[in-house]
Amino acid sequence: MKTLAMSTALLCGLLLCGCTSKPKQPAENAGSASTGNPPTSAGTATSAGSQPWTGTDIDQFLAKKPNPSHASPLAGQGATFVTYGQQYSVDPRLIVAITAAETSYATGKCHSTPVVNTHNAWNWFWCEASHGCGNDVCVNSPFDTWGSGIKTVSHFMRSTYINKGYYDVKLIASKYCTVGCENWIPNVTASMREMNGDPESLTLEIGH
């Protein structure tokens, strides 16, 4: 269903972005749920097996990804990651780490479309749920804002993955990425661990 161009892999450096096939992903308000005005600061996100991690920590991490000279456009969204992580009880580091494997922290392309144009750093192809993808799942699965994407992926990562028994990175990969996924688990796992997260413990405990 999805074949990434070679240029995408080159953009990702050591990361191989994305995978070649995904199941239909659900949408929230046609994949473009409004975030309103997310707070500029948020509490601390802590999963059962990891160290605390704040929105500021996430921003500082993304400011150096995929490398210090090429900061992720997601830098500045740390509070949003933590806010929706708290709302849906999902470790926000997972939602960040998926972008590492899929789009090199939102710096790559989906087919020929720069991810920064669609705000879909997760290759979350929600258009497939409504059979509305036409001939390009990338262009037809945009989010209005980064916050909209963070909210949607956090919500459904909880309701259609973790709550359905896909409670660690390896299990999530078996559903999220089904073909061409040899680098998906290592990339997500490495990113989570770099953020002091636990790829086997994704249920959030909230501290303030």
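The values are calculated or read from the model by the stated rules, or taken from the named source; none is laboratory data. Quantities reported herein were computed from a predicted structural model and do not represent experimental measurements. Cβ atoms come from the backbone with ideal geometry, glycine included; neighbour counts cover every protein chain shown.
I'd like the full set of residues that are of a type in the set (A, V, I, L, M) and surrounded by fewer than 24 Cβ atoms within 10 Å (Cβ to Cβ), limited to region 105-118.
V116
How many residues does region 69-91 hold that are under 13 Å from the mean Cα position of the chain (by Cα), hydroxyl-bearing (S, T, Y) and under 24 Å from G165 (Cβ atoms)?
Selection size over region 69-91: 1.
Whether any residue in region 119-131 is surrounded by 15 or more Cβ atoms within 10 Å (Cβ to Cβ), touching a residue at least 60 places away in the same chain (Cβ under 8 Å) and more than 20 Å from P26 (Cα to Cα) is what I want to check.
Among the residues of region 119-131, not one is surrounded by 15 or more Cβ atoms within 10 Å (Cβ to Cβ), touching a residue at least 60 places away in the same chain (Cβ under 8 Å) and more than 20 Å from P26 (Cα to Cα), which makes the answer no.
Sort out which residues of region 95-152 are within 21 Å of A79 (Cβ to Cβ) and acidic (D, E), and write them in order of number.
Correct list: D144 only.
Among the candidates V96, V137, V116, V153, single out the residue that is part of a helix (DSSP H, G or I) and touching a residue at least 60 places away in the same chain (Cβ under 8 Å).
On the way: V137 fails: part of a helix (DSSP H, G or I); V116 fails: touching a residue at least 60 places away in the same chain (Cβ under 8 Å); V153 fails: touching a residue at least 60 places away in the same chain (Cβ under 8 Å).
When all the criteria are applied, what remains is V96.
For region 158-208, enumerate the residues that are part of a helix (DSSP H, G or I), crowded, with 18+ Cβ neighbours inside 10 Å and polar (S, T, N, Q).
N187, T189, S191
Taking the stated definitions as given, is G55 closer than 22 Å to E194 by Cβ, surrounded by 24 or more Cβ atoms within 10 Å (Cβ to Cβ), among the small types (G, A, S) and at pLDDT 95 or above?
yes
Got a number for residues in region 99-113 being outside any strand (DSSP E or B) and over 14 Å from the mean Cα position of the chain (by Cα)?
Qualifying residue count, region 99-113: 2.
Going through region 130-158 one residue at a time, which ones are among the charged types (D, E, K, R) and under 13 Å from the mean Cα position of the chain (by Cα)?
If the condition is that a residue be among the charged types (D, E, K, R) and under 13 Å from the mean Cα position of the chain (by Cα), then K151, R158 are the ones that fit.
Looking at (1) at pLDDT 95 or above; (2) assigned to a helix (DSSP H, G or I); (3) farther than 13 Å from P92 by Cα, which is the only condition W124 fails?
For W124, the exception is condition (2).
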